[in-house]
Amino acid sequence: MQSLLQDIRYAFRQLRNHVGFALTAVLSLALGIGATVSVFSVIYGVLLHPFPYADVDRLANLSLRDQNGNIFDAGFAGEQLRELQKVSAFESLATWRNNFVVVTGRDIPEDLNAFYGIGETFPTLGVPPLLGRNLGPSDSPDGQEPQPVVMLHYRFWQRHFNGDTSVIGKTLELDHKQYTIIGVTRPNFTWGWGADVYLPQALSNKFGGGVVVKLRPGVSLPQANAEMQPLLDRLIQEHPLDFPKNSKADIHLLTWETMHNMGSTLYLLFAAVAMLLAIGCSNVSILLLARGTARQHEFAVRSAVGAGGIRIVRQLLTESLLLAVTGTALGLVLASRLLALIVAWLPPGMFPPDVAVHINMPVLFFSVALALLATVFFGLVPALQMAKPEISHIMQSGTKRASGSVRGKRPHGTLVAAQIALTLLLLTAAGAAIDSFIRILRLPLGYDPHNVVAAGLFLHDNTYTNWQARVNYFEQLRASIASLPDVTSISVTDAIPPNSGWEQRFDLLGKPSVSPESQYAKFNLVDSEYFRTLQTQLLQGRIWTPAEITNGAQLAIVNQTFARQYFPEGVLGHSLKPLNLRNEPPNVLTAPGAGSWMQIIGVAADSINAGIEHPIRPAIYVPYSTQLWLGTQFLIRTRIAPDALQNSIRRQIALINPDQAAFGAMASLEKWIHDEPVWARGRLISALFAGFSVLALVLSAIGLYSVVSYSVAQRTNEFGIRIALGAQKSHVSKIVLTSAGASVGLGIAAGLILSFGLNRFISSWVGNTTNHPFIILSVSFLLIVVAVMACLAPARRASSVDPMTALRCE
């Protein structure tokens, strides 16, 4: 124990006396460990284990795929759910249908996101509650009204009840109806994607919702799809408005959507941090090898005075472990900080908001083990070589000459070359990602999102149940909000770009379609202020008047893409008819005469309407009064920052109806763009790749600087002799630069081969870009510049050696 304490004290003195070496080694390990652990923790939490449900490998979304390849959730209700329960591949069903309810009985109404499910839902998920009990079959008796009970999500319980554990049995008033609280979910219960409360839904409920099925043991997804298809074919025949023609069952596991949208992004980031970890470990290896080589004279002296080989090995093992432990501790701190940053930057809406993302212990252990192995191995190599040293040879040759051998330089050069190659590959990927993201930023939108906010409104059940009353209410709200002094324009619409409208089949009067089944356009419900609010130009014709809106006039405006595709000779005066306008009072109300031919009275300029990564689709704009749903949106353009007007807008809504509130947080259109998966994904990859690449570049420069510095230190006497014999300073500097040039050149050559070889792979994963050759050559030049700068200081030091001082070192 006494000798161990001596080793530890000596290790501390060694690291304290060589602070630059110690800090570089510790930071190299910490950066590699922190980045690797944080990124894989996100992969583990978001992709591999995002759902806390029992038998999650048997839970699957019941989705449909239309003839165009689009995948969507179908709404099943009433007898359709009973039919699904009879499919032999399904053990049970979990259903969801979201609605917005208001907490009433208080001074200020509060909108909540409520999720309804049949009695099988919570037993299918198999997650016990934190408090009380789950909703069950007894709460949704078949053929009867659901029981007035409610289950609270943990998040809402904390916010509304301050975590009161005696909440079970109390009542909560929703839409002026009393509900008994029966349970509280666990903190990371992800069902509902942001639900506040859970309410029972009768199996016979006529409103459709999404379905998650629990497959029977041993049933595969293809088998489940095959068993579901005959039922789906019959439902398509019986309900053509609910199920698109020729749709196919597409049952896929719950994790499929997140894997499909985010899997490549996160795995690409993990590959990047794995390279960063390798660069960090190799950096530590270079430092330890160079330092160990420089200490061969010390080892020889210690051996000469009686130190055994085991004691020398133990001493270096202690120093290496001290470095590794310190680097690991700092890496944990960095991992926690970087983990929070990555989670905050992940594209919203692509994984459950309540998913638990924590530091992943298996990856932490792997990264620490790798760092320990690299540190210990390369720290012990010089000691193992000196376990039985030729003391007389080393003492006679001197420190400088003994450590300057070719055998000592070869591992240094190999590690530097590997660092350079991996850094070049990282820089290439980062350049491609940034180039792709810049192209997204420069994409013409066709509208101005600046200072425009979207405020959603969801009407509660049994309110404004006839068409005229609902139109009048929306017009009152529009006029009330428009009266605010900082509001310049306001529009009632369901068309919020960059994903506006929904796909709708249509017919053209006097122009039969070659392929009627593929004649779709984006259908948008808007008012007369829509184009002015978005500052989208009307190219031809006119916009309907407010009077035409309140009268339900059958008029339409189309975009440029529609006009070019269907009426290149001129579109004004022609007529179209949407084919799937439904009237389902009291929830969906259509204007008198809706579904008849609509005259095209204008052409609007194209604007992004299918997401910023997809081409602009043909679009049809009709008066919003044509079809009134329970929910709508207000687009509000303001003179000042929209956030400052949120409370004023909410007060104006409450003036018209105190029980009605805007649902959710009001979001600017700029935020809608930033929440687009392709935008958020591009920002995430660009920022993190750029950061990781800069770190890799710095670590590689430090590694190269360390090798060249130690080489110069070992060859001090050689450079002194050369200068004494008349060598010019430039000649000495050239020798130093040339000695490092071989490793740098080899690394760049390997990096170029990797970058060009993986060109297509990088392009498909980080985003489309056409500048890869230019990017590769640019980052190669950058790497050469950094390498030269890393070598300049040691080269200048070598060329400034005093011959007499150098000769005395021998």
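For the residues PHE122, PHE51, PHE100, the requirement of being open to solvent by less than 40 Å² (accessible area, probe 1.4 Å) and in a strand (DSSP E or B) singles out PHE100. Quick one: is SER436 small (Gly, Ala, Ser) and either in a strand (DSSP E or B) or under 28 Å from ASN587 (Cα atoms) (or both)? The answer is no for SER436. Selection of region 176-215 for residues being among the β-branched types (Val, Ile, Thr) and either free of Cβ contacts under 8 Å to residues at least 60 places away in the same chain or open to solvent by 10 Å² or more (accessible area, probe 1.4 Å) (or both) yields THR180, ILE181, ILE182, VAL184, THR185. Residues in region 534-593 that are small (Gly, Ala, Ser) and in contact with a Leu (Cβ under 7 Å, 6 or more places away or on another chain): GLY541, ALA556, SER575. Do we find that LEU589 is over 26 Å from ASN70 (Cα atoms) and either basic (Lys, Arg) or buried (at least 22 other Cβ atoms within 10 Å of the Cβ) (or both) in this structure? So LEU589 fits the description; yes. Within region 130-159, residues that are surrounded by fewer than 20 Cβ atoms within 10 Å (Cβ to Cβ) reach partners that are part of a loop (DSSP other than H, G, I, E, B) and among the aromatic types (Phe, Trp, Tyr) with beta carbons closer than 7 Å, at six or more positions or on different chains, in the pairs TYR154/PHE189. Across region 670-708, the number of residues qualifying as open to solvent by less than 20 Å² (accessible area, probe 1.4 Å) and in a helix (DSSP H, G or I) comes to 17. A search for C-beta distances below 7 Å between a residue of region 479-493 that is in contact (Cβ under 8 Å) with a residue 12 or more places away in the chain and any residue that is β-branched (Val, Ile, Thr) and not in a strand (DSSP E or B), counting only pairs 6+ apart in sequence or on different chains, returns SER480/ILE656; ILE481/ILE649; ASP486/ILE640; VAL487/ILE481; SER489/THR533; ILE490/ILE481; ILE490/THR533; SER491/THR533. Meeting the requirement of 1 or more residues that are touching a Gly at 6+ places or on another chain (Cβ under 9 Å), surrounded by fewer than 19 Cβ atoms within 10 Å (Cβ to Cβ) and not acidic (Asp, Glu), the strands (runs of 3 or more DSSP E) wholly within region 444-560 are 452-458, 538-541.
For GLN85, the conditions (1) of a type outside the set (D, E, K, R); (2) closer than 24 Å to ARG97 by Cα; (3) in contact (Cβ under 8 Å) with a residue 40 or more places away in the chain are fulfilled apart from (3).
The selection criterion, being assigned to a helix (DSSP H, G or I), modelled with pLDDT of 80 or more and aromatic (Phe, Trp, Tyr), holds for PHE781. Of the residues making up region 333-354, those that are aliphatic (A, V, I, L, M) and buried (at least 17 other Cβ atoms within 10 Å of the Cβ) are LEU334, ALA335, LEU338, LEU339, ILE342, LEU346, MET350. Do we have ASN225 as over 30 Å from LEU684 (Cβ atoms) and open to solvent by less than 40 Å² (accessible area, probe 1.4 Å) here? So ASN225 passes the test.
One line per residue, one yes/no per condition, for (1) under 30 Å from ILE420 (Cβ atoms); (2) in contact with a Pro (Cβ under 7 Å, 6 or more places away or on another chain):
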{"site": "LEU174", "(1), (2)": "no, no"}
{"site": "ILE181", "(1), (2)": "no, no"}
{"site": "THR185", "(1), (2)": "no, yes"}
{"site": "SER204", "(1), (2)": "no, no"}
{"site": "GLU227", "(1), (2)": "no, no"}
{"site": "PRO244", "(1), (2)": "no, no"}
{"site": "ALA249", "(1), (2)": "no, no"}
{"site": "LEU276", "(1), (2)": "yes, no"}
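Contact annotation: residue pairs with Cβ atoms under 6 Å, 6 or more positions apart or on different chains, pairing a residue in region 737-750 that is over 12 Å from LEU424 (Cβ atoms) with a partner that is part of a helix (DSSP H, G or I) and modelled with pLDDT of 80 or more, are LEU737/CYS791; ALA740/CYS791; SER743/VAL416; SER743/ALA417. Filtering region 625-638 to residues that are aromatic (Phe, Trp, Tyr) and either open to solvent by 10 Å² or more (accessible area, probe 1.4 Å) or modelled with pLDDT of 95 or more (or both) leaves only TRP629.
The values are calculated or read from the model by the stated rules, or taken from the named source; none is laboratory data. Please read these numbers as outputs of a predicted model, since none were measured by experiment. Positions of Cβ are backbone-derived with ideal geometry, glycine not excepted, and every protein chain shown enters the neighbour counts. We work out accessible area using only protein heavy atoms, side chains counted, and drop any ligands, DNA or RNA first. Shrake-Rupley method; radii C 1.70, N 1.55, O 1.52, S 1.80 Å.
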